[in-house]
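Trainee: The structure that follows is given in the form of structure tokens.
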Amino acid sequence: MNSNRLAFKVNLEESDRLDKYLALKLPDFSRSRLQALIKEGVVMVDQQAVTKTGFVVEQGSVIEILVPETVSSELIPEKIDLDVIFENSDLAVINKPAGMVVHPAAGHDTGTLVHAALARFTDLQGIGGELRPGVVHRLDKDTSGLIVIAKNETAHRWLQEQFKSRKVEKIYIALVDGKPPTPTGRVEAAIARDPSHRKKMAVVSEMKGRASVTEYRTLESFREHTLLEAHPETGRTHQIRLHLAFLKCPITGDTVYGRSHPSVEIKRHFLHAAKLKITLPGEKTPRNFEAPLPAELLAVLDYLR
């Protein structure tokens, strides 16, 4: 297998761990990726292969890295139509339809967004050493709307940092059964895996879960339903669905956290990732992306009106 050779002399006032030094020296590589390269034996210090991530490097040492070329992922690309809102060499913003799983998992080893992305984007580079698109955040299977896919490791790390530092603004549109206690509000309720149902999440005490915050405001009121705009400040699994159910106004069609039988004729839950504000790699000014409500959700609103 061909490799790319990187070489440089250590310039340190104090000695440091090899993996930590490389993370500072090579910001385009993730810490886990660098650790994997060390363990693979392709990192040499003063012409000696080093396989321990905690190896101490000192001033004047020469480090060489033979970075293997990107290898193909075991995933098989599938030609599935994607609604691409925006695309450049670093990423793609996609309007995901309801019913599509984002990433391969147990019971969903074909037909995912990742399978479709591998076929759609021919300029994908290696993320973690594999030819695959980088999933930075996820949407539930039955949630439609905007999702970002990174095309290379540099973009993947950039986007991860944007989400981690809460610089990304996401706006969802949700129809709920009933109405929230106030027209606008803020839910601060910790979330953890439901101990009784491992496939579900649950609101728990602060000591037992991860801090989670969702803001909402009313867009339109109906006799037995309310159309809301939800802004999650954190990104926990099922967060919006769970927080609205916590307010006693579960999302219409959500048979997991709401009614077992939908209150209107709908084959999915009424949750759509409508707006996304994010700063792209190498840029300083955030960009705004939007995805209109899909036809099946518009039909529900027309019925209620």
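Values quoted throughout were computed directly from the atomic coordinates according to the rules given, and no laboratory measurement underlies them. Quantities reported herein were computed from a predicted structural model and do not represent experimental measurements. Note that we place each Cβ from the backbone using ideal geometry, even for glycine, and neighbour counts take in every protein chain shown.
Trainee: What distance in nm lies between label points placed 7 Å from Cα along the C-beta direction at residue 55 and residue 215?
Mentor: 5.0
Trainee: Which of the aspartates and glutamates could be linked to residue 200 by a straight reach, that is with a Cα gap under 17 Å, when you skip same-chain ones fewer than 8 residues away?
Mentor: Of all the aspartates and glutamates, those that pass the test against residue 200 - Cα under 17 Å, at least 8 places apart if same chain - are 140, 142, 254.
Trainee: Starting from the Cα coordinates of the range 168-217, work out the convex hull volume and express it per residue in Å³.
Mentor: On the way: hull volume 6.4 nm³, N = 50.
About 128 Å³ per residue, rounded to a whole number.
Trainee: Given contacts defined as C-alpha pairs under 8 Å and at least six residues apart, what's the relative contact order of the range 72-164, whole-number percent? Before the final figure, lay out each step's value.
Mentor: Working: 176 pairs, mean separation 30.0, N = 93.
After rounding, I find 32 percent.
Trainee: Right, something else. Share of Cα-Cα pairs in the range 199-287 beyond 15 Å, in percent?
Mentor: Details: 2584 of 3916 pairs.
Summing the P(r) of the range 199-287 above 15 Å gives 66 percent of all pairs.
Trainee: Nearest 5 percent is fine: what portion of the DSSP beta bridges confined to the chain is antiparallel? Can you show the working numbers first?
Mentor: Details: 62 of 66 bridges.
Bridges in the chain that DSSP calls antiparallel: roughly 95 percent.
Trainee: Another question, then. Which whole-angstrom value gives the distance between the alpha carbon centres of the range 1-71 and the range 172-206?
Mentor: First find each Cα centre; the distance between them is then 44 Å.
Trainee: Work out the length of the dipole vector of the range 3-68 about its Cα centre, built from +1 on the beta-carbon of each Lys and Arg and -1 on the beta-carbon of each Asp and Glu, and round it to the nearest 20 debye.
Mentor: Values: 9 positive and 9 negative charges, 51 e Å.
Here the size comes out at about 240 debye.
Trainee: Same structure again: Normalised by the residues of the chain, what does the relative contact order come to in percent, with Cα pairs under 8 Å and at least six apart?
Mentor: On the way: 638 pairs, mean separation 42.0, N = 305.
Result for the chain is 14 percent.
Trainee: For 90, 123, which order do you get if you count the other beta carbons within 10 Å of each Cβ and list the fewest first? Can you show the working numbers first?
Mentor: Values: 90 19, 123 10.
So the ranking, lowest neighbour count to highest, is 123, 90.
Trainee: Report the extension gain between residue 161 and residue 84 in nm, rounded to one decimal, defined as 0.36 nm multiplied by the number of residues separating them, less their alpha carbon distance.
Mentor: Length difference between fully extended and current span is 25.4 nm.
Trainee: Only Lys, Arg, Asp and Glu count, each charged at its Cβ (+1, +1, -1, -1), so figure out the dipole size of the chain about its Cα centre, rounded to 20 debye.
Mentor: Details: 42 positive and 39 negative charges, 171 e Å.
Roughly 820 debye for the chain.
Trainee: Further question: For the range 72-164, compute the number of Lys pairs whose alpha carbons are separated by less than 19 Å, excluding pairs fewer than 8 positions apart on the same chain. Don't skip to the end; give the middle numbers.
Mentor: Values: 79/96; 79/141; 79/151; 96/141; 96/151; 151/164.
Lysine pair count for the range 72-164: 6.
Trainee: Using +1 on the beta carbon of Lys and Arg, -1 on that of Asp and Glu, and nothing else charged, what's the dipole of the range 169-304 about the Cα centre, debye to 20? Kindly include the intermediate steps, with their values, before the conclusion.
Mentor: Working: 21 positive and 16 negative charges, 109 e Å.
For this selection, approximately 520 debye.
Trainee: OK, next. Ratio of the range 3-68's C-alpha Rg to 2.2 N^0.38 Å, to two decimals?
Mentor: Numbers: Rg = 10.5 Å, N = 66, 2.2 N^0.38 = 10.8 Å.
Relative to the 2.2 N^0.38 Å estimate, the range 3-68 comes out at 0.97.
Trainee: Which three extents, in whole angstrom, do the alpha-carbon atoms of the range 253-305 cover along their principal axes, largest first?
Mentor: 47, 25, 14
Trainee: May I ask you to list the lysines whose Cα is less than 22 Å away from that of residue 52, ignoring any residue fewer than eight positions away on the same chain?
Mentor: Here the lysines satisfying the reach criterion relative to residue 52 are 9, 20, 25, 39.
Trainee: Next question, about the same structure. Under a plain spin-label model, where a point goes 7 Å from the Cα along Cα-to-Cβ, how far apart in nm are residue 122 and residue 31?
Mentor: About 3.9 nm, to one decimal.
Trainee: Still on this structure, please answer the following. For residue 248, what charge total do you get from the other residues with a beta carbon under 15 Å from its beta carbon, if Lys and Arg give +1 and Asp and Glu give -1? Walk me through the intermediate numbers first.
Mentor: On the way: positive: 179, 241, 259; negative: 177, 224, 254.
Result for the neighbourhood of residue 248: 0.
Trainee: Additional query: Among 184, 214, what is the fewest-to-most ranking by other Cβ atoms within 10 Å?
Mentor: On the way: 184 11, 214 23.
Least to most surrounded, the residues fall as 184, 214.
Trainee: Something else about it: I'd like the FRET efficiency for residue 46 and residue 130, computed as 1/(1 + (r/R0)^6) with the beta carbon distance as r and R0 of 25 Å, rounded to 0.05. Could you put the intermediate results ahead of the total?
Mentor: On the way: r = 30 Å, r/R0 = 1.22.
My answer for the efficiency is 0.25.
Trainee: Another question, if that's okay. List the trypsin sites (Lys or Arg not before Pro) within the range 36-134 that DSSP assigns to loop and that have no more than 10 neighbouring Cβ atoms inside 10 Å.
Mentor: Listed in order of number, the matching sites are 79.
Trainee: Let me have the relative contact order for the range 21-142, percent, based on Cα pairs under 8 Å that are six or more residues apart.
Mentor: On the way: 158 pairs, mean separation 25.5, N = 122.
Answer for the range 21-142 is 21 percent.
Trainee: Ok, one more. Find which of 110, 160, 84 sits farthest along the positive direction of the dipole of the range 72-164, computed with +1 on the beta-carbon of Lys and Arg, -1 on that of Asp and Glu, about the Cα centre.
Mentor: So the residue we want is 160.
Trainee: To the nearest 0.05, what FRET efficiency results for residue 233 and residue 20 with a Förster distance of 35 Å applied to their C-beta separation?
Mentor: Working: r = 31 Å, r/R0 = 0.88.
Calculated value: 0.70.
Trainee: Shifting gears a bit: For the range 63-182, what is the Kirkwood estimate of the hydrodynamic radius, computed as the reciprocal of the mean inverse distance between distinct Cα atoms, to one decimal in Å?
Mentor: Working: mean 1/r = 0.0636 Å⁻¹.
Mean inverse Cα-Cα distance, inverted, gives 15.7 Å.
Trainee: Can you give the Rg/Rh ratio of the chain, where Rg is from the C-alpha atoms and Rh is the Kirkwood radius? Display every interim value, and only then the final one.
Mentor: Values: Rg = 22.8 Å, Rh = 21.7 Å.
Ratio value, two decimals: 1.05.
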